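A short write-up of the structure that comes next.
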Amino acid sequence: MKKFDKGYIFSSMLSDLFVSFVLLFFVLDDIILDEEAKAEDIAAAIPYFIIAFIVIYLCFIAYRILYYNTSGYELTEKEIKCNRGVLFRKRSVLEYKKIHAINKKQNLIHRIFGIAILTIDSGSTNTSNQAEILIIEKAKTVDYLINELNALKENGMRDTDDSKTASDSKEEVLISDNDSLYNFSSKKKMLYTLFNIASTSFFTALFGVLAIIVVGICKLILQLDSLGTWGQYFFVALLITVGAMLLFSVFSFIGCMIHSFVGYHKFTITKRGNDIQISFGLLERHTNTFSYDRIKAVKITQGLVQRMLGFAEIKLEVIGYTNDTDNENNSALGVLVPFCKYDEVDEILGKILPDYIPDKKQTKSVSFFPFISWFTLILGIVTGVVLLQAIILMLILNVSSSVISTVAFAVAGVAAIILLIKVLSAVLCYQNNGIAVNKGKITAYYGGFIKNTTVFMSKNLIAAENVTTPLRKKAGITSLVMHLKLMHFPMKSRLTFKKTSLLKKSKIY
């Protein structure tokens, strides 16, 4: 069994050096930052800090060496084997024909030492929270392994007499921007950044205006002279709102620039036979490969600002997919196309996923009330209980009537604002929701402020739930809730239909 590349030890030692400093700081921060600590006490403790750091760092080194000595992989005639772990040993065996996803990850430290991490999954839901096979090798060797494993997925057998091994190969896989089925250009990245800034500024301004109105009404009722004249109050409130917008916009700009230009550096999408490969990242380079037939759903998302200006994001979910090496559940692959014009969605999907082009709505919601009925009832009960308790408490404490009126108005005002936002969301849900069924493909439209269009095959539909009430039943109205296999972006919004379900009419479910 071939061991992992020794670069794993050296790259881990570099990253563990930083981790050791951080751990030591958190353990000893009370001593270092203690205001009563004297300079001579800190100086006397420095040798102990150094000893503690050395002990921690040596523990990390010992673990990495043990991990290296006990881990390795082997490509046999019909399967790939992998051993890894120190305290808890794990042995994985995966047949070539059951390989589902092959992913390459390489961060900045890995690049310094010329190594990469290869993870291989079968797509099993029992192991979707972690990589089944993990290999740490030279980057060029990993590229060769990706090619070889993609071929073995189809053939299912490996020629053991072939003297050429992954370590001997000098073949390198190169993917240029010209090969990509989608070009996330610098212009698109800048627009993507500006849209995020616009969204941040819009919602900051909205909350700022609501705050000005609420505080202004309190000033009117309580006659708060401390807030100055009305002119001074509105001027100061406007300055604070504009300042908050600028502050949040700056942070949003920095974060989005890093995310778009660094996180999506050289974003490429390529197809090789039945496999789709997505590569992206500067500091940490990801190369994700998965089978076309394992795609579960495609989701087209439009935020409020994106919707107004005609842009969208395309997300993807793959059955039993793992794109990381930790124990978190990462079966959702995530972004397929980060940013594009909404009118270009069909063209982009036609190149990458032609079977998942959304169909036009064949039916739409027929009733508005189900989108807001339960929410209105619950909000009314909660508001009434809170308001009653507050008034009773203030009467017991002999609070002045003006204060009671202000509190009552504030509680009612907050409830009214929440209800107004919910009503607007419900109106948008009523307009957006709908469904289309065509040749075993289902297109579901749903969402309020964020409009979603999810396309999936009927074979991935595991349940269709009809939800109704006695009043809706008399009117012949029912709500349809669809459940998919391990859906990570579930369709929570209900699709309201008149009498017979479209799925039954289409003989799909």
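The values are calculated or read from the model by the stated rules, or taken from the named source; none is laboratory data. Model, not experiment: these values are computed from the prediction. Note that each Cβ is placed from the backbone with ideal geometry, even for glycine, and that neighbours are counted across all protein chains shown. All accessible areas refer to the heavy atoms of the entire protein, side chains included, with ligands and DNA or RNA removed. Shrake-Rupley method; radii C 1.70, N 1.55, O 1.52, S 1.80 Å.
Observations on the structure shown:
- Between residue 54 and residue 230, the modelled labels are 7.5 nm apart [label points 7 Å from Cα along Cα→Cβ].
- Translational D in µm²/s for the stretch 199-238 (Stokes-Einstein at 4 °C, 1.567 mPa s, Kirkwood Rh from C-alpha pairs): 121
- Label zone at residue 376, where the point sits 7 Å out along the Cα-to-Cβ direction: the stretch 396-426 residues whose backbone N lies under 17 Å: 415-426
- Formal net charge of residues neighbouring residue 14 (Cβ-Cβ distance under 14 Å; K, R +1; D, E -1): +2
- Legend: distances between Cα atoms for 187/422; 6/104; 140/341; 351/451; 187/351; 296/422; pairs beyond 25 Å are 187/422; 140/341; 296/422.
- Normalising the Debye intensity of the stretch 183-252 to I(0), with uniform scatterers on Cα atoms only, and taking log10 at q = 0.13, 0.22 Å⁻¹ returns -0.49, -0.90.
- In order along the stretch 458-468, phi translates into HN-Hα couplings of 4, 5, 8, 8, 9, 7, 10, 9, 8, 10, 8 Hz, rounded to whole numbers, per the Karplus curve 6.51 cos²θ - 1.76 cosθ + 1.60 with θ = phi - 60° and x for Gly and Pro.
- FRET efficiency for the residue 282 to residue 449 pair, using the beta carbon distance and R₀ = 35 Å, is estimated at 0.60.
- Rolling a 1.4 angstrom probe over the protein heavy atoms with all chains in place gives the stretch 194-311 an accessible area of 52 Å² per residue.
- Distance in nm between pseudo-label sites at residue 309 and residue 369 (7 Å out along the Cβ direction from Cα): 4.0
- Each residue of the stretch 5-18 is assigned a 3J(HN,Hα), and the resulting list reads 5, 5, x, 4, 5, 5, 5, 5, 4, 5, 5, 5, 4, 5 Hz, derived from the Karplus form 6.51 cos²θ - 1.76 cosθ + 1.60 (θ = phi - 60°), x at Gly and Pro.
- Cα-derived Rg over Rh, computed across the stretch 322-454 with Rh taken as Kirkwood radius: 1.20
- Close amide H contacts of residue 340 (hydrogens built in the peptide plane, cut-off under 5 Å, sequence separation of 5 or more or a different chain): 312.
- Using a simple spin-label model with pseudo-atoms 7 Å out from Cα toward Cβ, residue 242 and residue 431 lie 3.2 nm apart.
- Backbone geometry of the stretch 291-306 corresponds, through the Karplus equation with coefficients 6.51, -1.76 and 1.60 at θ = phi - 60°, to 3J(HN,Hα) couplings of 7, 4, 6, 9, 5, 9, 6, 10, 10, 9, 10, 10, x, 4, 5, 4 Hz, x marking Gly and Pro.
- Theoretical gain in end-to-end length, residue 251 to residue 419 [0.36 nm per residue, Cα-Cα removed]: 57.4 nm
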